[in-house]
Amino acid sequence: MQEYILLKIAGFLVDIGVASIIALTLGFFAHYVFGFSRLDIRALALMGAGIIFGALVATEWFAQLRKFK
């Protein structure tokens, strides 16, 4: 049971890391390639990271539901 909890926490941390790296990459391209100011990017990057994180967590949750069937 304790291993299961540690695996869930590790998965959660990986999801946060992936979402933040993707958000930073998108912010880099928006600033240096497309010319947006950092102020314009800040709110959109935060929303994008939240959406990516939510998608990753939902994917793990649905995969877990599928295992129990």
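Packing here is the average count of other Cβ atoms within 10 Å per residue, and on that basis the peptides 25-38, 49-62, 1-14, highest first, run 49-62, 25-38, 1-14.
With respect to the chain, whose longest principal axis is taken over its alpha-carbon atoms, helix 2-28 is tilted by about 10°.
How much net charge surrounds Ala49 when only the other residues with a Cβ under 14 Å from the Cβ of Ala49 are counted, with Lys and Arg +1 and Asp and Glu -1?
0
With the convex hull of its Cα atoms as the shape, the chain has an orientation-averaged projected area of 5.2 nm².
None of the figures in this text is laboratory data; all of them are computed from the coordinates on show. What you see is a predicted model; the values in this text were computed from it and never measured. We place every Cβ from the backbone using ideal geometry, glycine too, and count neighbours over all the protein chains shown.
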